[in-house]
Structures are given as C-alpha cells and as structure tokens.
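S.K.: Please find one structure pasted underneath; my questions will follow.
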Amino acid sequence: MKLKERAKQLKTEIPAIFLALKHGNTPLRAKIVAFITIAYALSPIDLIPDFIPVLGYLDDVLILPALVALTIKLIPSAVLEDCREQSRDMWQDGKPKRWYYALPIVAVWLLIIFLIIKAIWLK
C-alpha cells in the first residue's frame with residue numbers, strides 16, 4: 001500500500017477511533033490508547049517539531065500510524081465495525097458533514113490558547 005493510500009485510510013480510521021472511545025463496549029485499555037491516539041492526532045505539538053528536516057515529518061509518518069494500528073488491535077472487531085459505519089455517516093470527502101463535528105478540535109485549540117495566555121499573564 002502506498003503512503004498516500006495509507007494517509008487516506010488514516011483519515012477514515014481516526015473518526016472511527018474517536019467514536020470507539022465513547023462506545024460502551026470498548027475495553028478500558030483500548031479507550032486509554034484511543035484517547036492518546038486522538039490527542040496526538042489533534043495535537044498541534046509533535047514529539048519532533050516539523051521544522052527539523054526529515055525527522056520532523058518522520059514522527060507523523062511512523063508514530064501516528066503505529067498508534068492507530070495499536071488502537072485498532074485493542075478495540076473489539078464488532079465495536080470497530082460499528083464505529084466505522086457511524087464515521088462514514090459523519091464524514092464526506094475527508095470533512096465533517098456538519099459544522100459542529102469540529103467543536104472538539106476548536107475546544108482543544110481554545111484550551112491551549114487559554115493556558116498560554118494564563119501562563120504569560122501570571123508572570
């Protein structure tokens with residue numbers, strides 16, 4: 001499978017993992033790994049900054065797919081298939097069908113901005 005195809009597959013798996021995180025039949029260990037995977041995928045901060053040549057993008061190419069693969073292994077197949085089906089209904093052409101699906105991402109960014117301003121303001 002080519003790298004471009006794997007990246008496209010990641011787009012479909014991450015929403016399914018997010019839904020599995022909230023699913024009642026997902027084991028706790030899978031929920032913890034799913035949370036880490038979603039947090040890393042949405043995080044504006046990488047382990048290795050992207051401006052470092054080669055290594056900066058290497059962590060996105062290796063770490064995120066590894067986290068997705070591990071999470072998929074830990075989620076029961078019936079739960080994962082249910083979540084994949086639900087995620088297909090939520091997304092169209094790699095974008096949310098409804099604007100409010102983007103609210104968790106906006107909330108994370110607002111929290112980060114708030115914490116930065118708070119840290120600067122209290123100096």
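S.K.: Grab the beta carbon distance between I120 and L58, set R0 = 30 Å, and tell me the FRET efficiency rounded to 0.05. Write out the running numbers ahead of the final one.
M.R.: Working: r = 32 Å, r/R0 = 1.06.
Using R0 = 30 Å, I get an efficiency of 0.40.
S.K.: Provide the FRET efficiency to the nearest 0.05 for the A107-Q86 pair, computing r from the beta carbons and using R0 = 25 Å.
M.R.: On the way: r = 21 Å, r/R0 = 0.82.
That pair, A107 with Q86, gives E of 0.75.
S.K.: Could you compute the FRET efficiency for L42 and Q9, with r as their C-beta to C-beta distance and R0 at 22 Å, rounded to 0.05? Write down the numbers at each step before the final one.
M.R.: Numbers: r = 18 Å, r/R0 = 0.81.
Calculated transfer efficiency: 0.80.
All of the numbers you see were taken from the coordinates with simple rules; none came from a lab. Not measured: the values here are computed from a predicted model. Reconstructed Cβ throughout: ideal geometry from the backbone, glycine too, with neighbour counts over all protein chains shown.
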